[in-house]
Amino acid sequence: MAKLDAFFKLMTEQGASDLHLASGSPPLLRVNGDLQRVRYPALSNDDLKTMLYEVTPATLVKQFEETGDADFAHAAPGLSRYRVNLFLQQHGVAAVFRQIPTTIPSLEALGLPRTLLKLPLLPQGLVLVTGPTGSGKSTTLAALIDYANTHRRDHILTIEDPVEFVHANKSCVVNQREVGSHTRTFAAALRAVLREDPDIIMVGEMRDLETIRFAIEAASTGHLVFATLHTRSAAATISRMVDLFPASQQSLIRATLADSLQAIVAQVLLKRRDAAGRCVALEILLATPAVRALIRDGKTHQIPTVLQTGRAHGMQALDDALLEHVQSGRIRAAEAYPHATDKTRFRVFLDNADTTLILGE
């Protein structure tokens, strides 16, 4: 039994999503989005390094000592799986453990709209799940892949860093490749992917131009590709992808993306006021002919208008999702306000204390 297992057990008991360990500080748990100190002495660098190296693969210990960073997944028997990042900071070693649920939640259990049920059944194209760090992108992506795994008869290939949710073969065969262990980089794995006869490809994160290029190409050659980006809106996602390319290539990339894109789901997690836990607010952009024309013509600034007029197609603006949560009493207006685009829609719901804190009035 690893010494860290006591902290993992405490995470489960407290319903924590993350465990923060840093030399010179006591442990902290993130519960419902907030960090809480654990009643435990400050960790010394040597003691923490011993604890961390007990669960770190030997090859990654060497990498960590050379580079100061390492990512991997760890399974604690009888508890859960964790996505782990080791890093160096001013007082010594540190680590963050993100808990990965042992079972993959369904789209319905996550409270996601039925519009998303159509996405895993698409024959081809690019589906992007975006949002800031900690917004639940990996969980949504896992639920989409699981739905395809249940309702299709295909080959699903995932490329992750590290492998998070483990997918058992259901109606599909699922092969999961981990960057660093099974392939050198996302781009290297994508270069080889077309020789591996996949029907569905999941890219854990599109980090660079080369990965984005290969993902778009795979989506445009008859594959259904799911991927994530750290962008906060549908319009920002398209702009980010196009802007990474040299100016001379952007017109071609816009045209290819316009043809291959199927949907962008931008999400944010919010602390509930009516119950323990958090709820998700989504922006949903579907690639209608009007959306494809805007992408092709470089008019992504008009996408917010299309989101409003595309409700009949299942589209949704983030502000509308936030407002529905506020009006239903699930979240406080002060929770929604920082994420809103049109903040004037939310000011009427702020109480006096929130108004003073947020607006300085």
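Based only on Cα atoms, what Rg/Rh ratio does region 5-100 have, Rh being taken as Kirkwood's radius? Walk me through the numbers on the way to the answer.
Values: Rg = 12.6 Å, Rh = 13.4 Å.
Rounded to two decimals, Rg/Rh equals 0.94.
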Of 115-125, 328-338, ordering from highest average Cβ density within 10 Å down gives 328-338, 115-125
Reference-scaled alpha-carbon Rg (2.2 N^0.38 Å with N residues) for region 137-239
1.01
So how do Lys137, Lys170 line up by other beta-carbon neighbours within 10 Å, fewest first?
Lys170, Lys137
Most exposed first by the Cβ proxy, i.e. fewest other Cβ within 10 Å, how do Ile104, Ile201 rank?
Ile104, Ile201
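Among Ser181, Ser248, Ser138, which comes first, then next, by fewest other beta-carbon atoms within 10 Å?
Working: Ser181 14, Ser248 7, Ser138 19.
Listing Ser181, Ser248, Ser138 from fewest to most nearby Cβ atoms yields Ser248, Ser181, Ser138.
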Determine the relative contact order of region 114-345: mean sequence separation of Cα pairs under 8 Å and six or more apart, normalised by residue count, in whole percent.
20 percent
Identify which of His339, His91, His230 has the largest mean-square fluctuation in a Gaussian network model of the chain, with springs joining Cα atoms closer than 10 Å.
His91
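Rounded to the nearest 5, what is the percent of antiparallel bridges among the DSSP beta bridges in the chain? Before the final figure, lay out the partial values.
Values: 39 of 65 bridges.
Given both bridge residues lie in the chain, the antiparallel proportion sits at roughly 60 percent.
Relative contact order of region 238-320, please, whole-number percent, based on alpha carbon pairs below 8 angstrom and at least 6 residues apart. Write out the running numbers ahead of the final one.
Values: 98 pairs, mean separation 23.3, N = 83.
The value is 28 percent.
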Under 24 Å Cα-Cα from Lys137, which lysines qualify once same-chain neighbours fewer than 8 residues away are excluded?
Lys118, Lys170, Lys271
Counting only Cα atoms, I'd like the Rg/Rh figure for the chain, Kirkwood definition for Rh.
0.98
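Under the Kirkwood approximation for Rh and a Cα-based Rg, what ratio Rg/Rh is obtained for region 184-337?
Values: Rg = 17.2 Å, Rh = 16.9 Å.
Ratio value, two decimals: 1.02.
Just so you know, all these numbers are worked out from the coordinates, no wet-lab data involved. Please read these numbers as outputs of a predicted model, since none were measured by experiment. Because the Cβ atoms are built from the backbone with ideal geometry, glycine has one as well, and the counts that use them run over all protein chains shown.
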